[in-house]
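To start, the structure itself, in structure tokens.
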Amino acid sequence: MDEILTATADFHDGLGQAADPHIARRLRYLADEHLRVIRTDLSDTRNALADRHEPHPGRNTCSGEVPATERERSAVCACPPPPRALPAPPPPVAAGLRR
């Protein structure tokens with residue numbers, strides 16, 4: 001988001017209308033000040049939740065069955081997702097004749 005706001009500010013700097021420098025300054029302000037606050041808040045929230053390992057109290061015990069009204073199991077099931085199958089290895093490359 002920071003890069004997008006900065007690039008948009010740079011774009012407005014080159015447009016040449018009377019309001020464009022103001023818009024560019026406002027975009028840089030948003031990138032510098034508001035994104036910093038959001039980044040700090042999200043970091044604090046992540047750190048506060050990092051050591052919590054108990055299940056969410058609002059989740060049902062997983063039966064492995066998804067109700068017909070639910071689009072995704074993750075919305076109602078606290079079970080970890082099933083392990084992914086590893087992709088098949090590529091076929092061996094035939095060795096060419098050496099001279």
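The values are calculated or read from the model by the stated rules, or taken from the named source; none is laboratory data. This one's a predicted model, so the numbers in the text were calculated from it and none came from an experiment. In this analysis, Cβ positions are derived from the backbone assuming ideal geometry, glycine residues included, and neighbour counts consider all displayed protein chains. Note: accessible area is taken over every heavy atom of the protein model, side chains too, but ligands, DNA and RNA are not part of it. Shrake-Rupley method; radii C 1.70, N 1.55, O 1.52, S 1.80 Å.
Ranking of Ile23, Ile4 by solvent-accessible surface, largest first: Ile4, Ile23 (1.4 Å probe, protein heavy atoms only, all chains present). Sequence-distant contacts, meaning Cα pairs under 8 Å at least 6 residues apart, place the relative contact order of segment 1-52 at 35 percent.
Packing, taken as the mean count of other beta carbons within 10 Å per residue, orders the peptides 44-50, 12-18, 30-36 from highest to lowest as 30-36, 12-18, 44-50. Computing FRET efficiency as 1/(1 + (r/R0)^6) for Leu15 and Arg39, where r is the C-beta to C-beta distance and R0 is 25 Å, gives about 0.30. Computed with a 1.4 Å probe over protein heavy atoms only, the accessible area of Asp41 comes to about 90 Å². Taking 0.36 nm per residue of separation and subtracting the Cα-Cα distance, full extension of the segment from Arg25 to Ala48 would add 4.9 nm.
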